[in-house]
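To start, the structure under review is shown below, and the notes come after it.
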């Protein structure tokens, strides 16, 4: 390679010039183009831009790593908060259940006592009714009309 084609931005040899570069006007000696290239503004500028891009990529990568860590921390915090709230809700529900259970037991006991008293009163009334029925049967079988009349008046007055 002895020449450099500025039009095609590539080095070329003598045989390439007649084939691919016969219309190119900007053919330069390769040694002239490459002389001091490592100290050239173009090389130094490119090197600086690559370093800048590398630094930006490092910062972006670190930022994404930090975001990933933040996501993990947020997830853990949310999991913890949900668990804490769940425990608080469960505790509250347990208290409500106990309160309603106690209330239900108390109400059941009160209603049982009321029913027991009513059953007792009904038994007493039933006993009195049976006693009156027995007395009426005896009166009907053995008493005169006058005695039956007097017994009815006494029974009505008693009850």
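By how many degrees, 0 to 90 and rounded to 10, does the Cα axis of helix 41-142 deviate from the longest principal axis of the chain? On a 0 to 90 degree scale, this one is about 10.
In the chain, helices alone account for a calculated mean residue ellipticity at 222 nm of -29000 deg cm²/dmol, with every DSSP H run of four or more residues adding -39,500 (n - 2.57). Axis of helix 145-158 versus longest Cα principal axis of the chain: the two differ by about 40°, to the nearest ten degrees. On full extension, the segment bounded by residue 2 and residue 102 gains 25.7 nm, given 0.36 nm per residue less the C-alpha separation.
Residue 15 to residue 49: FRET efficiency via 1/(1 + (r/R0)^6), r the Cβ-Cβ distance, R0 35 Å, to the nearest 0.05? The formula returns an efficiency of 0.45 here. Between residue 158 and residue 78, the modelled label-to-label distance comes to 8.4 nm, taking each label 7 Å out from Cα in the direction of the beta carbon. With the simple spin-label model, which puts each label point 7 Å out from Cα in the Cβ direction, the residue 41 to residue 89 separation comes to 6.9 nm.
Rounded if a/c is under 1.5, else prolate if a/b beats b/c, else oblate: with a ≥ b ≥ c from the C-alpha gyration tensor eigenvalues square-rooted, which is the stretch 1-82? Walk me through the numbers before you get to the answer.
Details: a/c = 7.25, a/b = 3.51, b/c = 2.06.
Prolate.
In units of the rule-of-thumb radius 2.2 N^0.38 Å, the chain shows an alpha carbon radius of gyration of 3.77.
Counting every other Cβ atom within 10 Å of each residue's Cβ, 17, 138 order from fewest to most as 138, 17. For residue 25 and residue 64, a Förster radius of 35 Å and the Cβ-Cβ distance give a FRET efficiency of 0.10, rounded to the nearest 0.05.
Can you work out the FRET efficiency for the pair residue 129 and residue 150, with r the C-beta to C-beta distance and R0 = 25 Å, to the nearest 0.05? Show your work: numbers first, answer last.
Working: r = 21 Å, r/R0 = 0.82.
According to the calculation, E is roughly 0.75.
With neighbour counts taken as other beta-carbon atoms within 10 Å, the residues 146, 3 rank, fewest first, as 146, 3.
Values in this text are rule-based calculations from the coordinates and carry no lab data. These figures come from a predicted structure and were not determined experimentally. Neighbour counts are summed over all protein chains in view; Cβ atoms, including those assigned to glycine, are modelled from backbone coordinates with ideal geometry.
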